[in-house]
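Read-outs: derived from the displayed coordinates by stated rules, not from any lab. On a predicted model such as this, the values are computed, not experimentally measured, just so you know. For neighbour counting, all protein chains shown are included, and Cβ atoms are generated from backbone atoms with ideal geometry for every residue, glycine included.
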Amino acid sequence: MSTQFTPQFYERFYVNPRTRVTTRAEMRRRAQAVAALVKHLELKVTRILDAGCGLGWMRDGLLAVFPRATYVGLEVSEHLCAKYGWVHGSLATYRPRARFDLVICYDVLQYLADDEAARALNNLARLCRGALYFHALTVEDWQRNADRSCSDGAVRLRPAEWYRSRLGRHFRHAGFGVHVRRGVPLHQWELETAR
């Protein structure tokens, strides 16, 4: 899989303004929104894992809200690890010494085969002691939401329920893709609660 994430991949989907799927500014806003929700839920964040961090565009937004937190970028792309200093590894097998208060997993699992994606979801539960922000391209998104002119279609599309059922074993959905580890106190008003 790491051979798929070449410099040309990142140039096409992240750098080239004609073909990119997102921008640095959009990813910073997303990171700040996620961090703001986690802060609103009064979850303490001292360690952040950005699993599949790519160019690291969420880093600054997360650290703007949690300036004292340590940030670890985990990435399968060897050239990005060399360029940015990320930890080289797979989300399915990554085993650090300590767990994380906030884990980001944005657009990673659609690149993994079903068995590896299932292992990665189980590993997310081991890695996370607080909140998880999870996003993956689903069959439903591909049919209704994705801009196919710039989205990467060379992925494994699964139904949203495939992810929800596995996430639900270890997490409660708090909204906007933020999931809170079961056992962590979570107090929300009824109309704030995701169903």
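Structure notes:
- Theoretical FRET efficiency, 1/(1+(r/R0)^6), r = Cβ-Cβ of residue 12 and residue 140, R0 25 Å, to 0.05: 0.55
- If a spin label sat at a point 7 angstrom from the Cα of residue 176 along the line to its beta carbon, the backbone N atoms of region 37-55 nearer than 11 Å would be those of 37-41.
- Part-to-part distance (alpha-carbon centres) for region 51-79 and region 158-180, which is given in Å: 22
- Net lengthening on full extension, residue 93/residue 63 (0.36 nm per residue, minus Cα-Cα): 8.2 nm
- Seen from residue 85, the other residues with C-beta closer than 14 Å to its C-beta sum to a net charge of -1, counting Lys and Arg as +1 and Asp and Glu as -1.
- Here residue 19 and residue 39 are evaluated by their C-beta separation; at R0 = 30 Å the FRET efficiency comes out at 0.30.
- Taking only Cα atoms of region 2-192, radius of gyration then Dmax in Å: 15.9, 46
- This model, with +1 at the C-beta of Lys and Arg and -1 at the C-beta of Asp and Glu, gives region 2-192 a dipole about its Cα centre of some 520 debye.
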